[in-house]
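A short worksheet on the structure shown next.
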Amino acid sequence: MNIELKDLSETRKNLVVSFDQSEVEGEYQAVIGEFSRQTRLPGFRPGKAPAAMILKRFAKEITDEFKNKIVNKAYRSGLEQAKLDIISVINVEQGTIEPNLSSAITFTLDVRPAITLPDYAGLPTEIQPVEPTEAEVDAVVANLRTERADFKVADRAAQKGDYVKLAYEGSVDGKPILELVPDKQLYGKVPQTWEEVEGQEGVIPGLGAQLAGVKTGDKKDVTVTFPAGFSPVPALGGKSAVYAVEIQEVRERVLPPLDEEFFKSQQVDNLEALRAKVRSEFKLRKDQENRAAQRNQVREALAARANFSVPESLVESETQNMLRQFIGENLRRGVPQEQFEKDKKQLYESARQAATSRVKVQLLLAKVAEQEKITVTEKDIDDYIYREAMRTRQSAEKLIKNFTKDRDQLRAVQQSIIFDKALDFIVSKATVSTIQSKTEQTP
């Protein structure tokens with residue numbers, strides 16, 4: 001047997017394993033012998049049937065098993081001698097595998113790159129203060145009251161924060177929108193809907209901003225301009241539309257008083273207890289946000305320090321995963337398939353760039369886990385199953401059965417846990433600076 005390793009790139013290799021004629025013939029005879037020992041033919045004791053008869057009856061099975069044995073032996077022996085850290089097998093060229101002939105099998109392999117770990121202790125991270133200001137507590141209490149607000153009919157002109165019941169019909173250059181996009185009635189003609197006056201963007205961008213001052217029974221034309229690339233209805237992107245609006249009712253928001261009933265709805269006894277609860281929940285949320293921010297900052301720092309090539313197969317696989325996730329999310333939001341076809345090249349390049357960075361970070365995290373002897377414990381798996389069962393509303397038993405059946409899925413989960421634990425380890429060693437949030441900074 002002869003082993004030859006050819007470099008196609010830093011992370012892709014051709015491994016050529018050659019067998020001489022005698023080695024190939026030896027494997028072939030071994031397969032025939034194995035079939036003879038396991039086969040019972042009428043008139044012959046086990047293992048005593050003539051080889052010619054065995055070959056005639058099991059020609060295809062013997063040939064398939066013989067070729068598989070040659071390929072598997074080539075792969076095992078090649079890796080053992082070449083000492084490669086395989087990421088994936090890209091291709092196998094079997095060439096000619098026949099008895100009484102020499103044979104050469106070529107494996108195209110992606111291998112793990114040689115990685116010199118950068119200094120990952122003390123990476124700089126920034127967090128925001130976790131203690132809320134009095135103004136922030138006030139804002140949360142106000143939002144809680146807003147969530148439980150009542151809306152009463154107002155016999156006056158609409159003001160900011162009011163809700164207006166209205167009908168509308170839109171047109172672009174005099175042509176009804178309903179004719180331009182008949183499958184999007186919500187953007188064309190609606191007999192009754194609600195819109196917040198000067199509130200957050202509703203269905204029709206900019207419509208609510210032009211409703212201050214209207215009264216019940218008013219009719220007016222409102223001109224809005226859809227943003228370029230308007231994803232819900234691309235056909236309207238960048239176009240100006242005129243909406244004929246008829247006001248049916250105006251309702252004002254009435255906040256509940258800070259009384260016993262309101263405090264009971266928040267599971268507290270009084271305003272002081274409510275504010276204490278708000279502070280506690282605020283701190284918990286900020287802690288979680290800070291942790292997520294630190295993890296992102298560490299990922300970015302690692303990506304910037306990753307000066308090695310990455311296996312093409314990992315990048316392509318991650319690119320496709322990211323594209324599927326992005327397209328799936330946007331399809332659920334109503335973006336048409338045609339839009340993805342139009343932007344296909346740009347989407348692929350963006351996903352590939354992000355995938356390359358992600359793969360680099362994952363390879364670094366795997367190396368850190370190896371160096372720091374970070375492993376997956378039984379508790380890690382149990383915690384993952386519990387979280388996944390809660391998220392997907394499946395039973396833990398069903399998830400465990402899936403892992404038992406699909407070992408690749410289990411390995412993927414274990415790898416993901418390793419990445420998370422290594423990332424958390426690096427975050428635990430990071431330097432931390434507390435900064436003022438942008439909303440708190442003085443203009």
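The values are calculated or read from the model by the stated rules, or taken from the named source; none is laboratory data. This one's a predicted model, so the numbers in the text were calculated from it and none came from an experiment. In this analysis, Cβ positions are derived from the backbone assuming ideal geometry, glycine residues included, and neighbour counts consider all displayed protein chains. Please note that ligands, DNA and RNA were not included when accessible areas were found on the heavy atoms of the full protein model with its side chains. Shrake-Rupley method; radii C 1.70, N 1.55, O 1.52, S 1.80 Å.
Rounded to the nearest 500, the helix-only mean residue ellipticity at 222 nm of the chain stands at -15500 deg cm²/dmol, with each DSSP H run of n ≥ 4 adding -39,500 (n - 2.57). Within the assembled protein chains, the solvent-accessible surface assigned to residue 90 is about 70 Å², based on a 1.4 Å probe. Rolling a 1.4 Å probe over the protein heavy atoms leaves residue 326 with an accessible area of roughly 90 Å². Considering the zone a paramagnetic label at residue 51 would reach in this model (a point 7 Å from Cα along the Cα-to-Cβ line), which residues of region 88-102 have amide N under 16 Å from it? Output list for this probe position: 98-101.
Once the Cα atoms are used to define both axes, helix 378-392 deviates from the longest principal axis of the chain by about 50 degrees. Pick out which of 392, 193, 146 has the largest mean-square fluctuation in a Gaussian network model of the chain, springs linking Cα atoms closer than 10 Å. With Cα springs under 10 Å in the chain, the top fluctuation among 392, 193, 146 is at 392.
In the elastic network of the chain, a GNM with C-alpha springs shorter than 10 Å, the most mobile of 352, 57, 299 is 57.
The length gained on full extension between residue 149 and residue 316, counted as 0.36 nm times the residue separation minus their Cα-Cα distance, comes to 55.0 nm.
Going from most exposed to least, what order do 390, 53 have by accessible area with a 1.4 Å probe?
Listed by decreasing accessible area, they come as 390, 53.
Computed over the chain, relative contact order equals 17 percent, with contacts defined as Cα pairs under 8 Å that lie 6+ residues apart. Between the beta carbons of residue 382 and residue 23, assuming R0 = 45 Å, the FRET efficiency works out to 0.40 to the nearest 0.05. For percent of Cα pairs over 35 Å apart, computed directly from the structure shown, the correct entry in (1) 61; (2) 34; (3) 41 is (1).
Provide 344, 13, 160 ordered by accessible surface of protein heavy atoms (probe 1.4 Å), highest first.
My answer, sorted largest first, is 160, 344, 13.
Once the Cα atoms are used to define both axes, helix 21-38 deviates from the longest principal axis of the chain by about 80 degrees.
Leaving ligands and nucleic acids out of the surface, order 28, 243 by accessible area at 1.4 Å, largest first.
28, 243
Loop-resident GluC sites (Glu not before Pro) (DSSP state other than H, G, I, E or B) in region 210-296 with no more than 14 further Cβ atoms inside 10 Å of their Cβ are absent. Of the trypsin sites (Lys or Arg not before Pro) found in region 371-443, the ones in coil according to DSSP and having at most 13 other Cβ atoms within 10 Å of their Cβ are 373, 393, 429, 438. Heavy-atom accessible area for residue 426, with the other protein chains in place and a 1.4 Å probe, reaches approximately 0 Å². To the nearest 10 degrees, how steep is helix 396-405 against the longest Cα principal axis of the chain, on a 0 to 90 scale? Between the helix axis and the principal axis of the chain, the angle is about 30 degrees.
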